[in-house]
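Down below is the structure, laid out as structure tokens.
The values are calculated or read from the model by the stated rules, or taken from the named source; none is laboratory data. Because the structure is predicted, anything quoted here is derived from the model rather than measured. We place every Cβ from the backbone using ideal geometry, glycine too, and count neighbours over all the protein chains shown.
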Amino acid sequence: MSTPGPESPVVLSLRGVSKAFGAVQALRDVEIECRAGEIHALVGENGSGKSTLLGIASGFLAPDAGDVEIGGRRRKRGSPAEARRLGLGIAYQTYSHLLDLSVAENVYLAVPAAERPAYRRMQAWAAATLAEFGLGVPVNVAVGSLSLAQRQLLEVVKSLLAKPKVLLLDEPTTALGPQEVEQLMALVLERSRAEVGIVYVSHRLPEVLGIADRISVLRDGVKQGTFDAAGMTEDALVAHMIGRPLQLAFPDRGAEGRVPEVLLEVAGLRGDRFGPVDLKVERGEIVGLAGAEGNGQVQFLRALAGVERPTGVASCDGGELNTKSPLAALRAGVVLLSGDRIAESLFPVLSVRTNTTIQVLRSLGRVGFLRRRRERRTVDEMGRRLQIRMASIEQPVQSLSGGNQQKVSLTRPFLRGNVKVILADEPTQGVDVAARFDIYEALRAKANDGVALLVKSSDPLELAGLCDRVVVMSRGTIVDEISGDELGERRIVEAIVGSRALKAGAGA
Amino acid sequence: MRFRGWIPLVLLGALILAVSGYTAVRQDAFLTQYNINNLLLATMPLALVAIGQTSAMLVGGFDVSVAALITMCVVTASFTLKPDESTLSLFIGSLAILGVGLATGIFNASLIRLLRLPSIIATLGTLSILTGASLLLRDHPEGTINSDVIDALTTTRFGFIPLAFIGVVLLVVLADLWLYRTRTGISVRAVGLDETSSRRLGMSTGLIVFGAFVVCSVMASVAGFYSAAQVQIGSPIVGGYALTSIAAAVLGGASLAGGRGSFVGTLLAALFLSLIENVLPLFQQPTEYAQMTIGLLILLALVIYQAPELVARLRSGWRGVGRLQTGEGEASAG
């Protein structure tokens, strides 16, 4: 790995940067410096100010105080356009794609005006440009029809197009499978060797330790220090992030005394991009759903919840499971924790209280009127039980961190009476380390209550630690099952890679 | 995607041909130079204001003040385009009308961009102000408008087709080429589709939205000329174009959410709406039917425009809450 000396020019420097949103101090007097050829990782829990910092560096947000210098030139007025001119490229966590426009048009809009070709040559030019970066996506389709992984890679490629001096990557691997992560890393390392300064923000600490030269840690908007990656360990980083040493722990499995009883049974289920799938999940069991992104795991999970319409047989607790609508599935006791919390399960502008009780209002009311005190007591109790960190139960959920938002959506299966199966799609995506454990614990608590859980995750470590059993999907079917002593991160990764090899061998 | 944009144009073209063909066969009075000329002239104000409305809708807004602005322009014309004026003062008078449009546009755009008011509320306010101002200037229809100007606008023609209509056709074709084939055109659509992403890509989103609303008002003031030519007097009650212009833009393929639309489609829609109004009296049908027919056709057209999504929905079953586009592997299918 290149280790740029102190003589390399500083391509991005933030000095004394502070920013407050209302009463919340998001950043306090932060200093970050990135040199040419360096990969400078930025880590911190959700809500620690990383995104705010990137927003300020990229000109999207104006700082309350402090200076930003890009390529040695002080930025005058904050605007993304100016930052781009000065040589800053950024891949946003939430992307900068125009989903309705074609891939070619999106690529076209991402390069500086001077480099844009004539419109009639746009398609060919875009295809050639993407090929240069080894990104094989069709250019004439709308970006909205690409997979999440493809969108994420496209976002990174777009940020490289203007040949930036400094490149900011905000969680660039959240939607990527192992192979795509490698592809991305190759791109990133290539840039850093070409003397581009890279600021790399990620939740995935092993990834960060593997790639970064220096690591800066943020906690509650304050920088905890900048460290050489060579001498850093995951534990030490976590300690800086949360302010106390914390074991990356998982709750005990405690499955000893369990009487095997199949709760969810699926036979020959087929649907959009998956099938046939046969699977049994027992009462009190957590089954992991692994696989490279885009192999039907999400569709399978959502089909069980009645969001897609599958064919085949699914039964729950002995009776046939109606997968024709979400309501039918819900009535049968099947609850889906969506991977897209804000869009699909929560009402972002409504309070924690409303979001928690919205499915169980009937049980909190009397002759049609809500009993506020009882509602408040219920929400308070759930907040304590799931350790939801909030200013008050009236706080809008959109102002909570990702982890606390997930906990709010988790309150619902706790409050509903007849939950038999929980389907969790990426339950800890965008969730910080401390909150992860709370979520694992909550999921395990439901298992111990006799619920069957099916958890889809792209993090093999999480699956290995949390689940009793992991099934691996490839091309829409289950190709491997891992349980007992075999169950480990390495074994899961191998199975995913192995199934991918199988897929390639089948000559798709 | 590409295919979708063409649906409105093809459908409107087919409808116009079908209605014209049917009428031409049954009514001799329809396919006369006189009637076609009249039809095209009658289309002018709606076409112009709807083109402006399309511009506002492309960036994700509405302008409901256009109706009042047209009235205001007609009233202004009754002061600045009086009979027996010199050519120079008529020229200045015309500029004054465009100036009213420009000022209104800047006012609206400032409310929307600088003060961040929702466009529908901001322009509703402007609508009320302009309506009041028009009534203040002319409390009843009064003040004849210069007939030379009216003649210049309406009787200049190429064959039997008004020159102005040919101009509008050229304008919309050029505008669509600009919208779909140039960097700035794509930028305008991009802002309408997703302002955050557009800003992240370094576009001047504020300027683009501002410009779109100014264009909308200026087009409405141009429409004011043709309205003035129709009523020929300073009437404070011209109105009626706010919802029709939105209807024409939507029929032409514009999306209420912004980012989608076509100027050619808008012109075809305006022509189609005028055609219905032109044709029904020929069949001795009361004009009330025109209103109802137009309403039904708008609903029908919108259902057809949604057809690709409806078909997809029927195929894949219940997607009531399937808002999340997981979309994996779809590219390989395309």
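Given the options A:285, A:320, name the one that is within 20 Å of residue A:471 (Cα to Cα) and more than 10 Å from every other protein chain (Cβ to nearest Cβ).
The match here is A:285.
The criterion of being without any contact (Cβ under 8 Å) to a residue 60 or more places away in the chain, part of a helix (DSSP H, G or I) and not basic (Lys, Arg) does not hold for residue A:301. Exactly one residue out of B:167, B:125 is away from every other protein chain (no Cβ under 14 Å) and exposed (fewer than 15 other Cβ atoms within 10 Å of the Cβ), and it is B:167. Among the candidates B:112, B:70, B:106, B:120, the residue that is part of a helix (DSSP H, G or I), in contact (Cβ under 8 Å) with a residue 40 or more places away in the chain and closer than 15 Å to residue B:222 by Cβ is uniquely B:70.
Yes/no matrix, rows are residues, columns are (1) more than 11 Å from the chain's Cα centre (by Cα); (2) more than 14 Å from chain A (Cβ to nearest Cβ):
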residue: B:198; (1), (2): yes, no
residue: B:207; (1), (2): yes, no
residue: B:211; (1), (2): yes, yes
residue: B:224; (1), (2): yes, yes
residue: B:228; (1), (2): yes, yes
residue: B:235; (1), (2): yes, yes
residue: B:242; (1), (2): no, yes
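Inspection of region A:168-185 finds a residue satisfying the criterion of being part of a helix (DSSP H, G or I), within 14 Å of chain B (Cβ to nearest Cβ) and within 21 Å of residue A:493 (Cα to Cα). Of all residues in region A:118-167, exactly one satisfies the criterion of being without any contact (Cβ under 8 Å) to a residue 12 or more places away in the chain, within 23 Å of residue A:296 (Cα to Cα) and part of a helix (DSSP H, G or I), namely A:145. Considering only residues in region A:341-371 that are under 21 Å from residue A:304 (Cα atoms) and free of Cβ contacts under 8 Å to residues at least 40 places away in the same chain, the one that is surrounded by the most Cβ atoms within 10 Å (Cβ to Cβ) turns out to be A:344.
Of the set (1) of a type outside the set (Val, Ile, Thr); (2) under 17 Å from residue A:437 (Cα atoms); (3) touching a residue at least 12 places away in the same chain (Cβ under 8 Å), all apply to residue A:384 but (3). Among the residues of region A:61-107 satisfying the criterion of being in a helix (DSSP H, G or I), at the interface with chain B (Cβ under 7 Å from one of its Cβ atoms) and of a type outside the set (Gly, Ala, Ser), which is nearest to the chain's Cα centre (by Cα)? If we take residues in region A:61-107 being in a helix (DSSP H, G or I), at the interface with chain B (Cβ under 7 Å from one of its Cβ atoms) and of a type outside the set (Gly, Ala, Ser), then A:80 is nearest to the chain's Cα centre (by Cα). Please enumerate the residues belonging to region A:294-340 that are among the acidic types (Asp, Glu) and either surrounded by fewer than 23 Cβ atoms within 10 Å (Cβ to Cβ) or at pLDDT 85 or above (or both). Within region A:294-340, A:317, A:320, A:340 meet the criteria. Only residues that are among the hydrophobic types (A, V, I, L, M, F, W, C), assigned to a loop (DSSP other than H, G, I, E, B) and within 14 Å of another protein chain (Cβ to nearest Cβ): list them for region A:335-357, please. If the condition is that a residue be among the hydrophobic types (A, V, I, L, M, F, W, C), assigned to a loop (DSSP other than H, G, I, E, B) and within 14 Å of another protein chain (Cβ to nearest Cβ), then A:346, A:347 are the ones that fit.
Please specify each residue of region A:292-317 satisfying the condition of being small (Gly, Ala, Ser), within 11 Å of chain B (Cβ to nearest Cβ) and in contact with a strand residue (DSSP E or B) (Cβ under 6 Å, 6 or more places away or on another chain). Result: A:296, A:303, A:305. If you go through region B:170-186 and pick out every residue that is crowded, with 21+ Cβ neighbours inside 10 Å and either among the basic types (Lys, Arg) or facing chain A (nearest Cβ under 9 Å) (or both), you end up with 1.
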